[in-house]
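The values are calculated or read from the model by the stated rules, or taken from the named source; none is laboratory data. Worth saying up front: this structure is predicted, and the values here are computed from it rather than measured. Here the Cβ positions follow ideal geometry from the backbone for every residue, glycine too, while neighbour counts run over all protein chains shown.
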Amino acid sequence: MKHVEAARAPTGRAPREVPEVEVTLLVNGSEHHLQIDARVTLLDALRDHLGLTGAKKGCDQGACGACTVLVDGKRVVSCLALAAQYEGREITTVEGLSTNGEPHPMQAAFARHDAFQCGYCTPGQIMSAVALVAEGRANSEEDIREFMSGNICRCGAYPNIRAAIRDVVAEG
């Protein structure tokens with residue numbers, strides 16, 4: 001294990017060494033070997049080390065959902081997850097949803113229903129919506145509203161987001 005010297009603490013104490021770790025991440029079906037600081041979040045590993053910029057850094061506190069990705073099919077707010085925790089697990093980002101260049105049905109429904117305005121939260125909304133449908137929790141308007149409540153849209157596109165989700169559920 002390599003160590004990286006951290007900056008001197010403002011208290012004047014000696015710097016602590018921060019370990020680097022080797023991590024193998026399985027992202028969108030491809031294996032990626034990384035040598036990263038042990039404190040790197042999954043979001044930062046995806047964006048800064050793998051160039052996958054779909055997941056966004058919104059609040060950096062796990063409250064907005066802009067950084068939502070799927071890990072083994074379950075929603076994870078990647079800004080609160082350490083990348084090293086997810087070694088060998090199947091990580092899916094919005095970039096990995098399309099098949100053979102065709103958008104995922106949820107991506108197509110979001111476009112069809114104009115379920116975005118500025119688009120910043122859209123990747124996280126789509127990832128959460130994909131999981132919501134897969135979990136079987138999109139049975140009613142109330143369920144959709146409740147189980148999407150961890151994803152904030154500051155533009156207020158909620159009615160169109162719910163319509164897109166209902167559309168995908170109706171299509172099967």
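Of the residues making up the stretch 106-119, those that are in a loop (DSSP other than H, G, I, E, B) and either modelled with pLDDT under 95 or buried (at least 17 other Cβ atoms within 10 Å of the Cβ) (or both) are HIS113, ALA115, PHE116, GLN117, CYS118, GLY119. Scanning the stretch 81-94 for any residue that is part of a strand (DSSP E or B), exposed (fewer than 15 other Cβ atoms within 10 Å of the Cβ) and at pLDDT 95 or above turns up nothing.
Taking the numbered list (1) in contact with a Pro (Cβ under 6 Å, 6 or more places away or on another chain); (2) aliphatic (A, V, I, L, M); (3) within 30 Å of VAL40 (Cβ to Cβ) in turn, VAL168 passes all entries but (3). State yes or no: is ILE152 under 30 Å from GLU20 (Cβ atoms) and buried (at least 16 other Cβ atoms within 10 Å of the Cβ)? The answer is no for ILE152. In the stretch 23-69, which residues are charged (D, E, K, R) and part of a loop (DSSP other than H, G, I, E, B)? Listed by number, the residues that qualify are ARG39, LYS56, LYS57, ASP60.
Of everything listed in (1) closer than 21 Å to ASP72 by Cα; (2) part of a loop (DSSP other than H, G, I, E, B); (3) in contact (Cβ under 8 Å) with a residue 60 or more places away in the chain, the single unmet condition for ILE152 is (1).
Taking each residue of the stretch 58-85 that is under 14 Å from ALA134 (Cβ atoms) and looking for partners that are assigned to a loop (DSSP other than H, G, I, E, B) and charged (D, E, K, R) with beta-carbon atoms closer than 8 Å, six or more apart or interchain, yields VAL71/ARG89; ASP72/ARG89.
What about THR53, is it surrounded by 22 or more Cβ atoms within 10 Å (Cβ to Cβ) and not acidic (Asp, Glu)? No: the conditions fail for THR53.
All conditions in (1) touching a strand residue (DSSP E or B) at 6+ places or on another chain (Cβ under 7 Å); (2) surrounded by fewer than 23 Cβ atoms within 10 Å (Cβ to Cβ) hold for PRO103, with the sole exception of (1).
Evaluation of GLY172 against the conditions (1) touching a Phe, Trp or Tyr at 6+ places or on another chain (Cβ under 8 Å); (2) at positive phi shows that the sole unmet condition is (1). Inspection of the stretch 35-47 identifies no residue that is in contact (Cβ under 8 Å) with a residue 24 or more places away in the chain, at positive phi and in contact with a strand residue (DSSP E or B) (Cβ under 9 Å, 6 or more places away or on another chain). Within the stretch 127-149, the set of residues being within 19 Å of GLY73 (Cβ to Cβ) and exposed (fewer than 12 other Cβ atoms within 10 Å of the Cβ) comprises GLY136, ASN139.
Checking each residue in the stretch 155-172 for being hydrophobic (A, V, I, L, M, F, W, C) and part of a loop (DSSP other than H, G, I, E, B) picks out CYS155, ALA157.
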